[in-house]
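*Asks:* A single structure is presented below for examination.
The values are calculated or read from the model by the stated rules, or taken from the named source; none is laboratory data. Predicted model, so just to flag it, every value in this text is computed and none were measured. Virtual Cβ from ideal backbone geometry, glycine too; neighbours counted across all protein chains shown.
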Amino acid sequence: MTDKNTPLWEVFIRTRNGMAHRHVGSVHAADATMALQNARDVYTRRGEGLSVWVVRSSEITASDPSEKGMMFEPADSKIYRHPTFYDVPDDVGHM
Amino acid sequence: MYTQALNTREAAAPEDPEREARFQARIDAEEKIEPNDWMPEAYRRTLIRQIAQHAHSEIVGMLPEGNWITRAPSLKRKAALLAKVQDEGGHGLYLYAAAETLGVSREELVALLLSGKQKYSSIFNYPTLTWADIGVIGWLVDGAAIMNQIPLCRCSYGPYARAMIRICKEESFHQRQGYEIMVTLARGTPEQKAMAQDALNRWWWPALMMFGPPDGDSQHTDTAMRWRIKRFTNDELRQKFVDATVPQAHHIGLTIPDDKLTFNDTTGHWEFGAIDWAEFKNVIAGNGPCNKQRLKQRNASHDAGAWVREAALAYAEKRRRREAAGRLVAAE
Ligand SMILES: [Fe+2]
Ligand SMILES: [Fe+2]
């Protein structure tokens, strides 16, 4: 017999002050409070975290990797967004 | 704690040679494959089985050691063992989460373990008879696990590789605490030293079997290598393990239970005697000393926890309904 599925949550941890929260994995829990407690026990047993976020996995909207070409094409074609696109005379020094 | 070469290859005809070629090119370029990327069905199935069996091994591995938590000889040893066993539970959870990204549910995976349809590492079907067994497990079993797991940190499947990196960081403590127990016993009373030697005698050969069948008999190595799920053969890893471990045993005055063991000056390797593969096959087939006990215990704790899982889900559902009703009232 297979049990009724317990919801899946994605776990994000802020490792040090000043760093953004980073995805570390996932846990199962019936509600948000238990998801936070599970995430603490599973992913921060050695003081890895200062702050934990949990998000229901079903609430995440993700881009489709097979369409990454189309998705990110606008960024590929705009080389003038990079500093190296612009010529600055050498004798001006570092800019 | 460890993946064993338990995976049997499933012959699957290439479904889409063109995409498969592109997939292989990505792997050859050491690109990571991520959950929603296209992948051949055989790759997905192989990984689900390997990661799940690895996860099951972590979970079942908690049983032989958990057996000694209440009987550890000091508070320090008890705290360390408790932390180690808790880590193993964590390893199981990282790995189940990685397997789930391939499109199976946690509940299905747990059911496959409990019904005996999927295996776990054969090493956990041996009993832990004395406190010295806890030392030997940390030193040899976790030591062998580390040998196996380090190459997996570079496995082609992203979530598996990332889980392995976390696990490997934690394993070093496991091995050191085990060896420390052995050092203490080996330097203790003659009875304690004899207990350490006895544990080594019983666990040495099963530990060598953890690397799986010899290369000649292991048919699935080629595909796993091509897919960068495996980077070294079973025999290569086993030799590395023997070379690393023999001097550690000698250092504390213990004898490896193998009268064929000799150091080859030319190759720089320790050569060892023949492994009893009939015993290995017998344990895998379910006839080891503790196979039935382990599965029975896992099933019993799963069943005993059923009411907790049901209650947690019912409570979450009740709260959700109340909140929704509250919102309705507020809107009126
Ligand atoms: Fe482990
Ligand atoms: Fe371990």
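*Asks:* Looking only at helices (runs of 4 or more DSSP H) that fall completely inside the range B:49-137, which ones have 1 or more residues that are within 14 Å of the chain's Cα centre (by Cα), in contact (Cβ under 8 Å) with a residue 24 or more places away in the chain and within 14 Å of chain A (Cβ to nearest Cβ)?
*Replies:* Those helices (runs of 4 or more DSSP H) span B:75-100, B:106-114.
*Asks:* Sort through B:Glu65, B:Glu88 and tell me the only one that's within 24 Å of B:Lys281 (Cα to Cα), at pLDDT 95 or above and within 16 Å of ligand 2 (Cβ to nearest atom).
*Replies:* Unique residue meeting the criteria: B:Glu65.
*Asks:* Might you check whether a residue that is under 26 Å from B:Trp205 (Cβ atoms) and of a type outside the set (Phe, Trp, Tyr) occurs anywhere in the range B:94-103?
*Replies:* no
*Asks:* Can you spot a residue in the range B:176-187 that is within 16 Å of ligand 2 (Cβ to nearest atom), assigned to a loop (DSSP other than H, G, I, E, B) and out of contact with any Lys or Arg (no Cβ under 6 Å at 6 or more places or on another chain)?
*Replies:* No, the range B:176-187 contains no residue that is within 16 Å of ligand 2 (Cβ to nearest atom), assigned to a loop (DSSP other than H, G, I, E, B) and out of contact with any Lys or Arg (no Cβ under 6 Å at 6 or more places or on another chain).
*Asks:* Name every residue in the range B:78-104 that is away from ligand 1 (no atom under 14 Å from the Cβ) and among the polar types (S, T, N, Q), in order of residue number.
*Replies:* B:Thr101
*Asks:* For the range A:1-38, which positions are touching a strand residue (DSSP E or B) at 6+ places or on another chain (Cβ under 6 Å), part of a loop (DSSP other than H, G, I, E, B) and farther than 18 Å from B:Tyr96 by Cα?
*Replies:* Hit for the range A:1-38 is A:His21, nothing else.
*Asks:* Got a number for residues in the range B:32-48 being surrounded by fewer than 22 Cβ atoms within 10 Å (Cβ to Cβ), touching a residue at least 60 places away in the same chain (Cβ under 8 Å) and within 14 Å of another protein chain (Cβ to nearest Cβ)?
*Replies:* 3
*Asks:* Cβ-Cβ below 6 Å, separation at least six or inter-chain, first residue in the range A:61-87 and within 13 Å of chain B (Cβ to nearest Cβ), second surrounded by 10 or more Cβ atoms within 10 Å (Cβ to Cβ) and assigned to a loop (DSSP other than H, G, I, E, B): which pairs?
*Replies:* Hits for this filter: A:Pro65/B:Asn36; A:Pro65/B:Asp37; A:Met71/A:Ser63.
*Asks:* Out of all the residues in the range B:159-177, is one or more over 15 Å from the mean Cα position of the chain (by Cα), within 16 Å of ligand 1 (Cβ to nearest atom) and more than 11 Å from chain A (Cβ to nearest Cβ)?
*Replies:* Yes: the range B:159-177 contains one or more residues that are over 15 Å from the mean Cα position of the chain (by Cα), within 16 Å of ligand 1 (Cβ to nearest atom) and more than 11 Å from chain A (Cβ to nearest Cβ).
*Asks:* Do you know which residues across the range A:36-54 are touching a residue at least 40 places away in the same chain (Cβ under 8 Å) and either surrounded by fewer than 10 Cβ atoms within 10 Å (Cβ to Cβ) or within 14 Å of another protein chain (Cβ to nearest Cβ) (or both)?
*Replies:* Matches in the range A:36-54: A:Val54 only.
*Asks:* Oh, and also: Condition first: in contact with a strand residue (DSSP E or B) (Cβ under 7 Å, 6 or more places away or on another chain) and among the small types (Gly, Ala, Ser). Can you find one or more residues in the range B:136-148 that meet it?
*Replies:* Among the residues of the range B:136-148, not one is in contact with a strand residue (DSSP E or B) (Cβ under 7 Å, 6 or more places away or on another chain) and among the small types (Gly, Ala, Ser), which makes the answer no.
*Asks:* Yes or no: B:Arg187 more than 14 Å from ligand 1 (Cβ to nearest atom), surrounded by fewer than 24 Cβ atoms within 10 Å (Cβ to Cβ), within 20 Å of B:Tyr94 (Cα to Cα) and in contact (Cβ under 8 Å) with a residue 60 or more places away in the chain?
*Replies:* No.
*Asks:* Going residue by residue through the range B:220-232, is there one that turns out to be crowded, with 18+ Cβ neighbours inside 10 Å and within 16 Å of ligand 2 (Cβ to nearest atom)?
*Replies:* no
*Asks:* Of all residues being within 20 Å of the chain's Cα centre (by Cα) and β-branched (Val, Ile, Thr) in the range A:52-94, which is farthest from A:His21 (Cα to Cα)? Just the residue, please.
*Replies:* A:Thr61
*Asks:* Checking the condition within 10 Å of chain B (Cβ to nearest Cβ), surrounded by 16 or more Cβ atoms within 10 Å (Cβ to Cβ) and modelled with pLDDT under 85, which residue from A:Asp3, A:Asp31 passes?
*Replies:* A:Asp3
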